[in-house]
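Okay, so here's the structure we're looking at.
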Amino acid sequence: MKKHIAVVAGDGIGPDIVGEALKVLAKVGEKFGHSFTTSSYLAGGAALDSVGVPLPEETLKGCQASDSVLLGAVGGPKWDTLASNLRPEKALLGLRGGMGLFCNLRPAILYKQLAGACPLKNEIVGEGLDLMVVRELTGGIYFGQRGREDDSAYDTMAYSRAEIERIVRKGFEIAQKRSKRLCSVDKANILNTSQLWREVVKQVEVDYPDVQVSHLYVDNAAMQLVRNPRQFDVIVTENMFGDILSDEASQITGSIGMLPSASLREDSFGMYEPIHGSAPDIAGKNIANPIATILSVAMMLRYSFALATEADAIEQAVSKVLDMGYRTSDIYTEGMKKVGTNEMGDLIAQAL
Ligand code: IPM
Ligand code: MG
């Protein structure tokens, strides 16, 4: 197979972790006989510093012309005081919106090797956690009308039936491939968009009779996630609720440095990135954990290129290296072998 990947390393630890992920991708190409070529593009603070805008036209075009996109992370304190249309985060929204990546998959998995890092009690976590947040990514309050006038400001949450239906169907399809349980999260006791959301879920569910559906208000869902996370398998929700709940879900696994994500549209095109941020304080120090980005490459192979065997191989390589006791400092516990970003990337490539 021949594929061309747009690489947006971004800011902070972005270049550190993306470098290791590309190492692993090259290894997969070698081992399985695929040709993966790459082009690098600027976005976020890196783009602001060099061309004055967070998302250069060339970056969006280059990403659109590729077979998929690998992104590191954007943002940092250096650019925090800029006007909101110039902030590095704008690049992310521009890429998501510009490429129509409405379906964001955020798995939250507690790795058995890292069980000690989970902040919840053993009896709550039981045999582990493995849930999937399906977040709507190109609508809602992130993309609605907004404004600011002196001492008043507003942001609008708007959704069309079609926007809700396509993400809800993704949620059902994913639930069908997993435990066949889907929890739809909304705030239908207050928001009009949520009432429409719930209505759509109830209409769509008849097409997926094998999936058991539940509905929770977002405040309750946030509480249930720490009270009894094992009740969840697939959660489907709108953009901002998904932003918040996916951070919460990642944190209860204790392994935020380990978790990848995929942002997809209806065809197989997608953008893949770790769920953690750019951690500017540890950038360039060979400390950051590259595993979330490496696992994002696995998601790319699985979802964009239908290379399930290759994706499995990466995931198994990661597991093997953890079994061997290697840890970057964020997941280090006493008695383990502490390694840096480069060593972790090398070890996973070798394990392949
Ligand atoms: C995320 C991030 C982004 C979001 C920010 C950086 C714009 O928090 O990917 O979850 O809110 O979507
Ligand atoms: Mg977030």
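Since every read-out is calculated from the coordinates, none of them should be taken as a lab result. Because the structure is a prediction, the values reported are computed rather than measured. Cβ placement follows ideal geometry from the backbone for every residue including glycine, while neighbour counts extend to all protein chains displayed.
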*Can you run the Rg to Rh ratio on region 220-352? Use alpha carbon positions and the Kirkwood inverse-distance Rh.*
0.98
*Report the convex hull volume per residue for region 188-255, counting only C-alpha atoms, in Å³.*
94
_Radius ratio Rg over Rh of region 119-252, counting only Cα atoms, Kirkwood formula for Rh_ = 1.01
_What's the magnitude of the charge dipole for region 119-252 around its Cα centre, counting Lys and Arg as +1 and Asp and Glu as -1 at the beta-carbon? Answer in Debye, nearest 20._
420
_Relative contact order, percent, region 93-174 [alpha-carbon distance under 8 Å, six or more residues apart]_ = 30
_Give me VAL201, VAL234 sorted ascending by neighbouring Cβ count inside 10 Å, so fewest comes first._
VAL201, VAL234
*Radius, Kirkwood style, for the chain when every pair of distinct Cα atoms is counted (Å)*: 20.8
_Under the Debye formula (equal points on every Cα, no solvent term), log10 I(q)/I(0) of region 95-177 at q = 0.16 Å⁻¹_ = -0.80
*Considering region 15-79, what Rg and Dmax in Å follow from its alpha-carbon atoms?*
13.8, 42
_Rg and Dmax in Å for region 258-316, alpha carbons only: what are they?_
12.7, 39
*With the contact rule set at Cα under 8 Å and sequence spacing of 6 or more, what percent relative contact order holds for the chain?*
22
*Order of 307-316, 286-295 by packing, highest average Cβ count within 10 Å first?*
286-295, 307-316
*With charges set only on the Cβ (+1 for Lys and Arg, -1 for Asp and Glu), what does the dipole of region 32-173 come to about its Cα centre, in debye to the nearest 20?*
240
*For region 277-352, what is the per residue volume of the convex hull drawn over the alpha-carbon atoms, in cubic angstrom?*
88
*Mind ordering 147-159, 63-75, 163-175, 220-232 by average Cβ neighbours within 10 Å, highest first?*
63-75, 163-175, 220-232, 147-159
*asked:* What number does region 41-179 give for Rg over Rh if you use C-alpha atoms and the Kirkwood radius?
replied: 1.04
*So if we plug the beta-carbon distance of THR333 and SER35 into 1/(1 + (r/R0)^6) with R0 = 35 Å, what FRET efficiency do we get, rounded to 0.05?*
0.30
*asked:* Can you work out the Karplus-derived ³J(HN,Hα) for every residue in region 186-198? Use 6.51 cos²θ - 1.76 cosθ + 1.60 with θ = phi - 60°, whole Hz, and x for glycine or proline.
replied: 8, 9, 6, 6, 10, 9, 4, 4, 6, 5, 5, 4, 5
*Name the long-range amide H neighbours of LEU129: under 5 Å, sequence gap of 5 or more, or other chain; modelled H, no Pro or chain starts.*
LEU110
*Can you spot the lysines whose alpha carbon is less than 22 Å from LYS202's alpha carbon? Ignore those fewer than 8 places along the same chain.*
LYS170, LYS177, LYS180, LYS187
*For GLY72, which sequence-distant residues (separation of 5 or more, or a different chain) have an amide H within less than 5 Å of its own amide H, given hydrogens modelled in the peptide plane?*
VAL8, ALA9, GLY10
*Just subtract the alpha-carbon distance of GLU199 and THR309 from 0.36 nm times their residue separation and send over the number in nm, one decimal.*
35.7 nm
